[in-house]
Amino acid sequence: MEFEEQFETLLGLKPFPWQRRIYGKFLENEIPPVCDIPTGLGKTSVIPLWLLALAENKNLPRRLVYVVNRRTIVDQASDLVCSIRDTMGKALEDENSKLHKAACTLHAMDPLASNERAPFAVSTLRGEFADNQEWKSSPARPAIIVGTIDMIGSKVLFSGYGDTRRTRPLHAGLLGCDCLFVHDEAHLSPAFGKLLRSVQSFRCISREEPTRLPQMRVLELSATHIEGGGNEDESFVLDDDDKSHTIIKERLTAPKNLFLHSIEKDGKLLQEKTADLAQAFESSSCRVIVFLRSPEDAQKVAVGICEALQENAAQRVSVLTGRIRGRERDLLLEQPGMKPFLTEGTLDQTVFLIATSAAEVGMDLHADHMVCDLSTLDSMVQRLGRVNRFGTCKDTKVHVVYPEDICNKKNPSDLEK
C-alpha cells in the first residue's frame, strides 16, 4: 500500500500489475536481463521504480544509467527524471508527503550531502548538451544518468568524448561499478547490448569474493523481441493479471484498420499518394501521423500537405527527422501543431506530423490515424505503436503505400498474407 501511494504521488498514475511485480523484484535485488513490455504501457517507469526500491533496498546499484539510441527519447527521459527530482526535492522538506521517508533515505545515502542538495543527482550525456557533472560529484550519491549510446559507451570503454587522460578511468569506474544500465529500445542497437553484457561478465571473472564488489547490472527494454538479449527464460513479460487489467486490455486490443495501396515504384508517386491519403483526414479534426523512410520524402510530403491546406498550414504541419538539431527539436515540441501528439483530448482541426524513424521508437506520441510507406517488420511494429496507443479511437485507419512489384505478380495477394 505504501508503494502504491508513493508511485501515484510521484507520477500521478496508479501502477500497473507488471510495475508492482518488477518493483517487488527490485526489492529482492532481482533485476531481469530483459523487460519485454508492449509500447504504451510505461516502460520508462523502471526509472522511478528503481528509485523507490533503492530507498528500501540499499543493495541495489546506486546509479542508474538510462541509455537509448535516439536523442529525442533522451530528451523526453531527461524531462521525466527532472520532474521526479523536483517532486522528491519538495518531499524532502514536507514531512506530510508520502515520499518524505524515501526522499530522506536517498538523501542520507550521500555522506557529503547538504540540506540544500537534491536527494539524488541527475545528468544528461548527449551531443550538444553540456554535462552538469552532478553524477560524479560523489560515488556514494544516488544518481540517474540519461544519455546516448555513443556518449555512454565511450566512457565505459575509457574513451569518453571530451574526457581527459585523468577523467577517463574515473568515468569508466563510476559506470562500471555499482551501476544499473537500462538499455531502452535495445533491439535498435544489439551490438551495444552485447558490449554491456560482455563488460558485466568480464567483471565476474576470477573474483574470489564477487558479492563484496559493487555490481554492474544490465536491464534491456523493448516492445520488440530482442534476439540474444540475455537468458530468454528470465525475460520479464506481461502475465494474466496484466492482460486482464482494464487499461492494459484496452491498449493491447486497440482497433487499427489496415488499408493497402499499391503504386508503381516511383518516389514522386509515393509522395503524392501519401500526401493525398493524409489530406483525406482534413475534415475529421484528428491527429494524423505520416511515416516515411526517407527524410527527402518526408519534407516533400510536408510541402504537399501545406500547399493543399493553405489555412494555418505552418501551424498544423510538423516535420520530425533525425537530421534536425537539438535546438530545432526543442522548438518543434513547443509548436501548436506538435503539442496534440504529446497529449490526449479533442481537437478543433486536424494536425499532421510527418516523420522518419526518429519518431518511430520510444517517443510518447499519440496519433488517431497513420499513413506510411512499407518498412521492415520491426519498424512497422514500432510505427503502429504510435497509433491509437490508448485505445480511445474506435475507427483508427492505417494506410500503407507499397510498390506493386514487391510481391509476386502471379499472386498479388501474397502481401495481404
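The values are calculated or read from the model by the stated rules, or taken from the named source; none is laboratory data. Predicted model only: the values in this text are computed from it and were never measured. Note: ideal-geometry Cβ built from the backbone for every residue, glycine included; neighbour counts use all protein chains shown. Surface areas here come from the heavy atoms of the whole protein model, side chains and all, with no ligands, DNA or RNA. Shrake-Rupley method; radii C 1.70, N 1.55, O 1.52, S 1.80 Å.
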Length gained, residue 57-residue 105, 0.36 nm per residue minus C-alpha separation, equals 16.3 nm
Taking the stretch 47-120, the whole-percent share of alpha-carbon pairs separated by over 22 angstrom is 25 percent
The Cα extents of the stretch 1-74 along the principal axes, largest first and rounded to whole Å, are 34, 26, 20
Here D for the stretch 10-140, in µm²/s, from Stokes-Einstein with a Kirkwood Rh over Cα pairs at 4 °C and 1.567 mPa s, works out to 82 µm²/s
Scoring the stretch 21-168 by relative contact order with C-alpha pairs under 8 Å, at least six apart, yields a percentage of 22 percent
Everything considered on the Cα gyration tensor (a ≥ b ≥ c; rounded for a/c under 1.5, else prolate if a/b is larger than b/c, else oblate), the stretch 138-189 must be described as oblate
In degrees, nearest 10, the alpha-carbon axis of helix 167-176 is tilted away from the dominant principal axis of the alpha carbons of the chain by 80 degrees
quick note, the chain, DSSP beta bridge pairs, % antiparallel (nearest 5) is 0 percent
The helix 295-309 Cα axis meets the longest alpha-carbon principal axis of the chain at an angle in degrees, between 0 and 90 and rounded to 10, of 60 degrees
Between the modelled labels at residue 293 and residue 323 (7 Å from Cα along Cα→Cβ) the distance in nm is 1.7 nm
Cα extents of the stretch 328-381 along the principal axes, largest first, in whole Å, come to 33, 24, 16
Links exceeding 28 Å between C-alpha atoms in this model, out of 194/339; 249/339; 43/155, come to 194/339
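Quick one: accessible area per residue over the chain, 1.4 Å probe, rounded to a whole number of Å²?
For the chain, the per-residue accessible area is 48 Å².
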Over all viewing directions the Cα convex hull of the chain casts an average projected area in nm² of 22.9 nm²
What helix-only [θ] at 222 nm does the chain give? Using -39500 (n - 2.57) per DSSP H run of at least 4, over all residues, to the nearest 500, the answer is -10500 deg cm²/dmol
Computed over the stretch 269-382, the relative contact order (Cα-Cα under 8 Å, seq sep at least six) in percent reads 41 percent
Counting only DSSP loop positions in the stretch 51-106, the GluC sites (Glu not before Pro) whose Cβ has at most 14 other Cβ atoms within 10 Å are 95
Rounded to whole angstroms and listed largest first, the alpha-carbon spread of the stretch 256-339 along its three principal axes comes to 38, 29, 27
Output row, site residue 284, 7 Å Cα→C-beta label point, backbone N cut-off 19 Å, window the stretch 338-357, residues 338-355
Of every hundred units of 1.4 Å-probe accessible area on the chain, the number belonging to carbon and sulfur atoms, as a percent, is 49 percent
Along the stretch 378-390, Karplus-curve 3J(HN,Hα) (6.51, -1.76, 1.60; θ = phi - 60°) to the nearest Hz, with x for Gly and Pro, reads 4, 5, 5, 4, 5, 4, 4, x, 8, 10, 6, 6, 9
Charge tally for neighbours of residue 311 with beta carbon under 13 Å away, counting Lys, Arg as +1 and Asp, Glu as -1, is -2
With +1 on the Cβ of every Lys and Arg and -1 on the Cβ of every Asp and Glu, the dipole magnitude of the chain about its Cα centre, in debye rounded to the nearest 20, is 1000 debye
Here the relative contact order (percent) of the chain, from C-alpha pairs under 8 Å and at least 6 apart, is 17 percent
Rounded to one decimal in Å, the inverse mean reciprocal Cα-Cα distance for the stretch 80-119, i.e. its Kirkwood radius, is 10.0 Å
Longest principal axis of the chain (C-alpha) makes with the long axis of helix 71-93 (C-alpha) an angle, in degrees to the nearest 10, of 40 degrees
